[in-house]
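Heads up, the thing below is written out as structure tokens.
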Amino acid sequence: SHAMTGLLGHATSFARPKLHLGYREARLLADSPIGRTGGLVRGHEFHYAALVATGDDEPFVELADGQ
């Protein structure tokens, strides 16, 4: 696993690379620096890391595939 900045409590690993690629839409579940509750954020996901420990963070977005 790899140490992150400490912003989120999860851990990732590149031991078994898994490609995540494509457009995503995230609906915010709480107010945050990037928007208010219910706001929609769109972006492109491209990474090889796999989640190995979820930590105890509360969910802050609902993800969906984008177009």
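Read the figures in this text as sums done on the coordinates, not as results from a lab. Keep in mind that this is a model prediction, so the values were computed, not measured. Methodologically, a virtual Cβ is constructed for each residue, glycine included, from the backbone with ideal geometry; neighbour enumeration extends over all protein chains shown.
For this structure, a couple of remarks:
- Mean separation of Cα contacts under 8 Å (6+ apart) over length of the chain, as relative contact order %: 42 percent
- Placing unit charges on the Cβ atoms only, positive for Lys and Arg and negative for Asp and Glu, gives the chain a dipole magnitude near 240 debye about its Cα centre.
- Only one of [x] 92; [y] 81; [z] 129 was calculated from the structure for volume of the Cα convex hull per residue in Å³, and its label is [x].
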